[in-house]
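One structure is given below, encoded as structure tokens.
Taken together, the values in this text are just the output of simple stated rules run on the coordinates, not laboratory data. Since we're looking at a predicted model, the values are computed, not measured. Here the Cβ positions follow ideal geometry from the backbone for every residue, glycine too, while neighbour counts run over all protein chains shown.
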């Protein structure tokens, strides 16, 4: 009888630990909300943004899925209304990236390209994972001399 | 001691005592002088009579004749023990369709029983398993036993009435639903909010 009770308690403890691990974010996805901002005077001119035909992002660090992708919606329409950050800098695009890792850092390497796949601007930044939460961050790309 | 009036008929012919069967012919009791003199002493008032040689010969002839003749007093149903070994085989044959293990065990038991009753030589000579003690010829056939007749659909699905069956079914259903829900919730496509004008990437 006593051993039966102890076994039942043991199973209950194991169950609670399992649910606790699930509730604590074990296996949950952590997200980054990333704004791509062009620095300098170019980043404040809307006509310059019309030259951007694609934006490639390479990720590294504590990632669990794809590590290279193209941002959607490029090239933008002529009448596209860009959002702006503080100081009037144009936010070229905003994307979300998720990782299954519970801790660590994720590095975002962004390349803004023209129609010939030449780099117009590039830059990188890293963000620290907050398990199960969404971390807002920005990657500022510096335009090449020819795009300034 | 045998009374004189039973030993001899009025015609002075010997009388066979007991049941007149072929098996009891050896017990044929023929009255002799010893029966009348030594066994009975003075019996009755008639003087003792000495059997003549002719009577003895006649008794012997009768003995031979009766021994070879069919015994009408023999019961119609003859016991197996009284049956001659030269008698024809019984018409009744029991065929047991047994599997290999059961047949072997049965043969072994038959051998053991024959070995234990080793005093009876006639029994020992008999092939084990060929004929039983009751004279019934048994044929042991190796092979799969015949399929037992199904007693009906009620017995076939009797397990449905037992609670462990439903406990197992319930457990399976609950576990299946849980696995399905967990899998669905973990792999469902996460909609990309509209604020992300450049899309959503990485893990969902």
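Can you compute the FRET efficiency between residue A:60 and residue A:81 using 1/(1 + (r/R0)^6), with r the Cβ-Cβ distance and R0 = 41 Å? Round to the nearest 0.05. Given R0 = 41 Å and the Cβ-Cβ separation, E is 0.80. Rounded to the nearest 5, what is the percent of antiparallel bridges among the DSSP beta bridges in region A:28-147? Antiparallel: roughly 80 percent of the beta bridges in region A:28-147.
Work out the mean other chain Cβ neighbour count within 10 Å for the residues of A:70-80 and drop it here as an integer. If you can, show how the numbers build up before the last one.
Values: counts 3, 5, 7, 4, 1, 0, 1, 0, 0, 0, 1.
Average neighbour count from other chains, rounded to a whole number: 2.
Packing, as the average of other Cβ atoms within 10 Å across residues, places the peptides B:157-166, A:130-139, A:88-97 in the order A:88-97, A:130-139, B:157-166, highest first.
When you look at the Cβ of every residue in A:98-109, what mean number of other chain Cβ atoms sits within 10 Å? Provide the component values of the computation, followed by the final result.
Working: counts 6, 2, 3, 1, 0, 0, 0, 0, 1, 0, 0, 0.
Across A:98-109, the average partner-chain Cβ count within 10 Å equals 1.
Just tell me how shielded A:30-37 is by partners: mean number of partner chain Cβ atoms within 10 Å of each residue's Cβ, no decimals. Don't jump to the answer; show the numbers that get you there.
Details: counts 2, 5, 2, 4, 3, 2, 1, 0.
Taking the mean over all residues of the peptide, I get 2.
Peptides A:105-111, A:28-34 ranked from most to least packed give A:28-34, A:105-111, packing being the mean of other C-beta atoms within 10 angstrom over each peptide's residues.
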